[in-house]
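A.B. asks: Just dropping this structure here.
The values are calculated or read from the model by the stated rules, or taken from the named source; none is laboratory data. As the structure is a computational prediction, the values presented were derived from the model and not from experiment. So basically every Cβ, Gly included, is an ideal-geometry build from the backbone, and we count neighbours across all protein chains shown. When the accessible area is computed, the model is the full protein with side chains, heavy atoms only, and any ligands, DNA or RNA have been set aside. Shrake-Rupley method; radii C 1.70, N 1.55, O 1.52, S 1.80 Å.
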Amino acid sequence: MAEGNGEVVEEMANQKSGEGGDGERTQDYSKLLEYGLHKMVAGRLDDIYKTGKLAHSELDERALDALKEFHVEGALDVLDQFLDSNLEHVSNKSAFLCGVMKTYRQKVRATQQGQPAPAVTVQAKGPDEEKIKAILERTGYTLDVTTGQRKYGGPPPNWTGNTPGNGCEVFCGKIPKDMYEDELIPLFEKCGKIWDLRLMMDPMTGTNRGYAFVTFTSRDAASNAVRELNNYEIKPGNCLKINVSVPNLRLFLNDYEIRNGKKIGVTISFNNHRLFVGNIPKNRDRDELLEEFAKHAPGLVEVIIYSSPDDKKKNRGFCFLEYESHKAASLAKRRLGTGRIKVWNCDIIVDWADPQEEPDEQTMSKVKVLYVRNLTQDTSEEKLKESFEQFGRVERVKKIKDYAFVHFEDRDNAVKAMKDLDGKEIGGSNIEVSLAKPPSDKKKKEEILRARERRMTQFLQTRIGMVNTVPTFPSMSPQHAGMMPGAMPPMRVPSGPGGPRAPMRGGPMGGRGEYGK
C-alpha cells in the first residue's frame, strides 16, 4: 500500500511538472539537470521555456541558485506564479523571478509566524494595456516592470541635456491602488516634460503601494506639478494633497482630488547624498574621519566638520558624510547604523542630513541681501560696508564669526557687488559672495526639529544599554549649521578624492547663507 501511495504521489508530481506528457524536452532541460535542479523543477521550467515567455539564456546563476535552495513543492509554486504573471514589460526576467521567490519566502515566513499573509491577488483591474501601448508609441519611452516597481522612461528618447538634479523629482502619494501609468502619465505630462515615472508596487499583493516618483527634466516642471495639480479631481472622490516637502519628512498640506473622495499627495523629492554622524571624537580632523569612514562603505567623497567655538583645533562632536550618490549614502547608513560599528570606541549615531529646499527663482529675484563668507577675524562690519557701498547704498551689515550679511537698498546694486567682489581679497582673505537665502518658515523648522528628535530618540532606544543613558549632543538639533544654513558656515576643507570640490556655502545642505528677518 505504501509503495502504491508513493507511485500516486510521483505520478501527480510528474503531471504538475509536465513529465507525464509526451516526454519531449528542449535541449535546455539537460542543462538544468546538470546545474543541479530537481528533475520536476527542471521539467516545469522547461515547460515555461516552451511557452515562449522565458528563454534559458534569460536566466542567470543567481536565479538558478535560488531555485535550487527551494524544496520541490515550493519551487513549483514559484514557477506557477511566474508563469501566471504579466511579463509583457519585464526586461529582466531573471530578476523578476528572483522577486517572485523573495515574495514567496516572505509569505511563507509570515504564515509560520502566525501572521495573516496577504492574499495572492489576481488584480481585478490592471492598467489599460491599449492606452499604455498608445502612450509608449507616442512618446518613444519604455516601460520596465519588476516585482517592486513599474518604471516609465528615463531618459527621454534622444535626450542630450543633463540628468535632472535636485528639485526635479516629485513625490506623489495616496494613489488609488488600481491606478497605473495610463492615468498618471497624461496627468503629469500637462506640467512639463517627464524624465521618468516610477510607480512603486507591492509584490505581496500585486497592487501598487499607493505612491510614485515622477522626475521632470526641469525644476520648473516639478514646481508646476505641485502648483497646477492642487484641487484637481481626476476621478470622483480621490483628491491629491500637494506641497513642496522637506526631504525625509514629507508634509501633505494641500488637496488634489484624483477620484471622488480620494486624494493623493505630490511633493518635491530630493535625492539625499549626505549623512549626519553624531558622537564622534572631538580630537579627530577631517582627513582622519575621511580615512576611517571610507573603510566601512564605498562612495565617500567628502567629510564636512565644524570647529568648536572654544577650541578651533577640535570638531564639535559631529560631522557630515557626503557620498557620490543616494544609493551609496543609503548603503553607508545601513552599515554604519547597525550599532556594531564603533569609531575610535565611540558609539556613533547615524541619520540622514536634512537638506534644505532651495528657494524658487521668483523668490530669489527679490533678494537684496548678500551672503559673504571666508572673512578674517580682523575684517570689521565697517570695513565691509565701506567695500560694498561703492556699488550702492548699504542699509546695514551683520557679521557673525567668519561670515556676514550685507543688506542693500537696491537689488541691482547688490547683484553688481556680488559679481564684482566674489573671489576678491578683503582683509587678507579671498571672500565668497552670493545672494543670501531668505528666512525659511519657522514652523517648518520646528517640525523638522521635533521629527529629528523623535527619530534620534527611537534610534537610541534600540541600542542595548543606552535606553537609560541617552547622551546629549548640543549639535543634534537640525537647527545647527548642517540642518539650517546660516547658523555657522562649514570649515574650509582641502580637496577630497576625485579632485577639488566647489566650496559649500551657508552650511552643508544649503547653497546660500540664510539671513534673519
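A.B. asks: Kindly establish whether Phe70 is out of contact with any helix residue (DSSP H, G or I) (no Cβ under 7 Å at 6 or more places or on another chain), modelled with pLDDT of 90 or more and of a type outside the set (Gly, Ala, Ser).
C.D. replies: So Phe70 fails the test.
A.B. asks: Continuing with this model, one more query. Anything in region 182-212 that is closer than 25 Å to Asn162 by Cβ and of a type in the set (Val, Ile, Thr)? List them, or say none.
C.D. replies: Answer for region 182-212, where residues must be closer than 25 Å to Asn162 by Cβ and of a type in the set (Val, Ile, Thr): Ile185, Ile194.
A.B. asks: Which of the residues spanning region 362-372 are at pLDDT 85 or above and of a type outside the set (A, V, I, L, M)?
C.D. replies: Ser365, Lys366, Lys368, Tyr371
A.B. asks: Looking at the structure I just gave you, is Gly206 assigned to a loop (DSSP other than H, G, I, E, B) and in contact with a helix residue (DSSP H, G or I) (Cβ under 6 Å, 6 or more places away or on another chain)?
C.D. replies: On the way: assigned to a loop (DSSP other than H, G, I, E, B): yes; in contact with a helix residue (DSSP H, G or I) (Cβ under 6 Å, 6 or more places away or on another chain): no.
The answer is no for Gly206.
A.B. asks: Determine whether Tyr323 is out of contact with any Phe, Trp or Tyr (no Cβ under 8 Å at 6 or more places or on another chain) and touching a residue at least 24 places away in the same chain (Cβ under 8 Å).
C.D. replies: yes
A.B. asks: Tally up the residues in region 303-317 that are under 23 Å from the mean Cα position of the chain (by Cα) and either open to solvent by 10 Å² or more (accessible area, probe 1.4 Å) or at pLDDT below 90 (or both), please.
C.D. replies: Step one: filter region 303-317 for residues under 23 Å from the mean Cα position of the chain (by Cα), giving 303-304.
With the extra rule that they be either open to solvent by 10 Å² or more (accessible area, probe 1.4 Å) or at pLDDT below 90 (or both), the set shrinks to 304.
Total meeting the criteria: 1.
Residues are listed down the side, and each one gets a yes or a no for (1) modelled with pLDDT of 90 or more; (2) assigned by the TED database to the domain that holds Lys102; (3) within 16 Å of Val100 (Cβ to Cβ):
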site: Glu7; (1), (2), (3): no, no, no
site: Met12; (1), (2), (3): no, no, no
site: Lys16; (1), (2), (3): no, no, no
site: Gly21; (1), (2), (3): no, no, no
site: Lys31; (1), (2), (3): yes, yes, no
site: His38; (1), (2), (3): yes, yes, no
site: Ala42; (1), (2), (3): yes, yes, no
site: Gly74; (1), (2), (3): yes, yes, yes
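A.B. asks: In addition: Restricting attention to region 188-218, which residues are touching a residue at least 60 places away in the same chain (Cβ under 8 Å) and among the aliphatic types (A, V, I, L, M)?
C.D. replies: Correct list: Met204 only.
A.B. asks: Quick check on region 167-202: of everything there that is surrounded by fewer than 19 Cβ atoms within 10 Å (Cβ to Cβ) and in a loop (DSSP other than H, G, I, E, B), which residue is modelled with the lowest pLDDT?
C.D. replies: Residue satisfying both the conditions and the ranking: Lys174.
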